[in-house]
Amino acid sequence: MENKKSFASDNWSGACPEIMQALNNANAGHNEAYGELDDIYTNRAIKKFKENFGENIAVFFVYNGTAANVLGVSHLMNSYHAIVAAKTAHLNEDECAAPEKFIGTKVLEIETEDGKIKPEQIEPFMQSIGFQHHAQPKIISISQVTEMGTIYTPEEIKALADFAHANNMFLHLDGARIANAVVALNTDFKTMVTETGVDVVSFGGTKNGLMFGEAVIFMNKELAVDFEYRRKQGMQLHSKMRFITTQFERYLTDDLWKKNALQANAMAQLLKRGIETIPQLEVSQEVAANGVFVFMPAELIPKIQKRYFFHVWNESPIGKPGMKEVRLMCSWDTTKEDIEGFISELKKS
Ligand SMILES: Cc1ncc(COP(=O)(O)O)c(C=O)c1O
């Protein structure tokens with residue numbers, strides 16, 4: 001039986017055919033384990049990352065996004081340091097307190113309307129610096145795309161990086177959906193990340209066509225010294241490393257990442273236009289990438305979810321009685337027919 005399509009998350013989709021092919025090709029014969037020395041797949045993937053982000057980076061591969069976030073930032077801080085992030089940040093709300101457990105850190109959260117934080121919202125936390133009773137802010141963490149489907153411009157990222165560095169802090173970018181952001185702004189990784197001053201990136205691919213795997217990129221390789229030990233101690237060193245790195249090599253070849261992200265983003269725009277034709281629905285956030293947030297009458301939600309599953313993001317949005325805010329995610333494999341089917345289901349209900 002064919003799996004039903006949904007709008008639940010971009011990791012409800014499978015791996016794209018090009019990635020499956022790459023995995024299959026890498027399956028032949030023996031290859032050095034753990035990504036060491038002569039592992040051709042890992043070496044080629046690292047070369048691709050350097051082409052996209054610059055030669056001075058150090059890149060390490062892990063299993064998932066939570067580990068990339070936790071291990072990446074943990075390398076730049078101590079347990080008495082704090083991470084400043086939007087309240088909605090995955091690192092804050094959706095990692096089961098892994099940063100708190102594995103780093104021992106405190107996350108200082110900022111309430112936002114759109115998932116984005118600004119330097120002036122971080123400023124008040126600076127009062128803690130040098131005060132021995134408070135955890136010391138050390139990392140600013142942003143998500144690109146944000147958990148509310150919005151995007152930081154390179155100028156906004158640079159302002160945060162400048163603020164971080166002026167205060168002896170680092171900027172972490174959770175790029176679980178970085179490809180969707182880069183194509184939405186019609187830019188490239190160097191402009192968005194290397195030239196803005198980001199210090200460490202969690203580079204995702206699973207939401208955009210990979211089967212699994214994430215990369216931690218230190219934008220200055222000197223910051224990465226000894227990270228291999230932290231990754232191993234953090235239980236994230238994959239022995240058959242080629243199966244992560246062959247995926248990234250393929251992903252960064254022939255613009256596969258762009259093709260997949262452009263499709264997901266285009267479908268989100270189509271979905272937004274469809275939603276706008278239905279009077280009782282209201283798009284609640286700017287549709288910048290592949291997510292569409294919508295105020296939906298509460299009684300409608302379970303009926304539609306039976307056919308097309310999606311998540312409720314906010315059970316009781318302020319000023320919207322009887323409504324819930326839902327999140328509709330498009331993926332690399334979302335089609336025009338999926339959108340049309342979903343819109344017609346909404347119109348029927
Ligand atoms: C913004 C963001 N960061 C990171 C992740 C990665 O999480 P995981 O550990 O499930 O790979 C996700 C996945 O939902 C996410 O949405």
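The values are calculated or read from the model by the stated rules, or taken from the named source; none is laboratory data. All values reported here derive from a predicted model rather than from experimental measurement. No Cβ is skipped: glycine too gets one built from the backbone with ideal geometry, and neighbour counts run over all protein chains shown.
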Taking region 1-53 only, how many residues are outside any helix (DSSP H, G or I) and not acidic (D, E)?
20
Mind listing just one residue for me: the one in region 175-222 that is over 16 Å from G54 (Cβ atoms) and β-branched (V, I, T) and, of those, farthest from the ligand (Cβ to nearest atom)?
V183
Just one of (1) away from the ligand (no atom under 16 Å from the Cβ); (2) under 21 Å from A176 (Cβ atoms) trips up K106, so point out which.
(2)
From the set of residues in region 288-297 that are surrounded by 15 or more Cβ atoms within 10 Å (Cβ to Cβ) and over 23 Å from A181 (Cα atoms), which is farthest from the chain's Cα centre (by Cα)?
M296
Which residue pairs have Cβ atoms closer than 7 Å, lie 6 or more positions apart in sequence or on different chains, and pair a first residue in region 303-322 that is under 16 Å from V292 (Cα atoms) with a second residue that is of a type in the set (S, T, N, Q) and part of a loop (DSSP other than H, G, I, E, B)?
I304/S349; Y308/S6; F309/S6; F310/S6
Among the residues of region 4-27, are any modelled with pLDDT under 95, away from the ligand (no atom under 16 Å from the Cβ) and over 30 Å from Q132 (Cβ atoms)?
yes
Of the conditions (1) of a type in the set (A, V, I, L, M, F, W, C); (2) buried (at least 18 other Cβ atoms within 10 Å of the Cβ); (3) assigned to a loop (DSSP other than H, G, I, E, B), M267 satisfies every one except a single condition; which number is it?
(3)
Hey, among the residues in region 113-134 that are in a loop (DSSP other than H, G, I, E, B) and closer than 18 Å to H172 by Cα, which one's farthest from the chain's Cα centre (by Cα)?
K118
Of (1) of a type in the set (D, E, K, R); (2) in a helix (DSSP H, G or I); (3) closer than 29 Å to S331 by Cβ, D174 fails just (2)
Evaluate the following for T246: is it closer than 13 Å to F61 by Cα, over 13 Å from the mean Cα position of the chain (by Cα), away from the ligand (no atom under 12 Å from the Cβ) and part of a helix (DSSP H, G or I)?
yes
